[in-house]
Structures are given as C-alpha cells and as structure tokens.
Amino acid sequence: MGITLKQPLLAAVGSFGAAVVGLFGGWDGALMTLLIFMSVDYISGLTVAGVFKRSNKTANGALESRAGMKGLCRKGMILFIVLIAARLDMLVNTTYIKDAVVIAFIANEGISILENGALMGIPINKRLQKALELLQQKEGENE
C-alpha cells in the first residue's frame, strides 16, 4: 500500500498543533474552556447579527464582514495575550499568571455571551441584567 497525501498532511497538521500547544504550556482545562467560550461568543454574535439583526457592533444591527473580522482579530489578540502569560509562567516557573489571564478572559467572554443572549430575547435575571447594563455604560465611557 503506497503513501497517500493524506498521511503526510495529517502528520503536518498534528505536528503544527503539538507545537502550538507546547507554546501555550500544554493543553489544559482552562485553555479548552477559554476556546469554547470564545467560540460560543463568536457564534452567538453572528446569530444576533445574522438572524436577529440586533447587533450593537454595526449601525443597522445586521451582519457586516468588517465587524466579523474585527471580532476574529480580537479573539486572536486574546490568544496572543494568553500566550505571553504562558511564556511568563515558564520564565518564572509558576502556573498562576496564565491561569489568571485565562480566567479574566473567560469572565469577559461569559459576559458577552450573556449580552448576546439578552439581545436574542432570552430572559436574563434582573440583577444580572442591571450588572450588564452598568458594564455596557462603563464600556461606552471608556470608548
């Protein structure tokens, strides 16, 4: 049986994946959770804009490729910051820098997911809704 293109391709993809995971200090639950939260946030944001036309990222609330690209760039920057935190952990022989950064970004993504859910009409607890409104006001002031 001859070697097909599939085997070298799988080997290359696997090697690349292993190298990336190595840069992040290994594949752990925190990193997986962050990637899941980032994915859910992005997909829910696309749904808010594409289906509900209620996105606060565009003037008309609908899907816009530029807004989507900005979102992907932000997600990429989050991963770069986590990478830097992981490398700092390796440098000073600790584990808490990356964990703290990842937890902070998980919280941020979680808030964004809740905001997207509220824009879709999902009922959100009144106290939580007030907290989200305060965070949105502070975000608006910072911009």
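Points to keep in mind about this one:
- Across region 96-114, the qualifying residues are those that are without any contact (Cβ under 8 Å) to a residue 24 or more places away in the chain and of a type outside the set (A, V, I, L, M), and the one among them that is surrounded by the fewest Cβ atoms within 10 Å (Cβ to Cβ) is TYR96.
- Looking only at region 44-60, residues that are surrounded by fewer than 16 Cβ atoms within 10 Å (Cβ to Cβ) and within 17 Å of PHE105 (Cα to Cα) come to 0 in all.
- Against the test of being closer than 15 Å to ILE113 by Cβ and either in contact (Cβ under 8 Å) with a residue 12 or more places away in the chain or over 16 Å from the mean Cα position of the chain (by Cα) (or both), the options VAL51, VAL40, VAL82 yield a single qualifying residue, VAL40.
- Remark: pairs (first residue in region 119-132, touching a residue at least 24 places away in the same chain (Cβ under 8 Å) and under 16 Å from LYS53 (Cβ atoms); second residue among the aromatic types (Phe, Trp, Tyr) and not in a loop (DSSP other than H, G, I, E, B); Cβ separation under 9 Å; 6+ apart in sequence or on different chains) = LEU119/PHE52; MET120/PHE52; GLY121/PHE52.
- Between LEU5, LEU63, LEU9, LEU31, the distinction of being surrounded by 12 or more Cβ atoms within 10 Å (Cβ to Cβ), over 30 Å from ILE84 (Cβ atoms) and not hydroxyl-bearing (Ser, Thr, Tyr) belongs to LEU63 only.
- Taking region 82-102 as the range and being in contact with a helix residue (DSSP H, G or I) (Cβ under 7 Å, 6 or more places away or on another chain) and at pLDDT 90 or above as the test, the residues that pass are VAL82, LEU83, ALA85, ALA86, LEU88, ASP89, ILE97, LYS98, ASP99, VAL101, VAL102.
The values are calculated or read from the model by the stated rules, or taken from the named source; none is laboratory data. Keep in mind that what you see is a predicted model, and the values were worked out from it rather than measured. For neighbour counting, all protein chains shown are included, and Cβ atoms are generated from backbone atoms with ideal geometry for every residue, glycine included.
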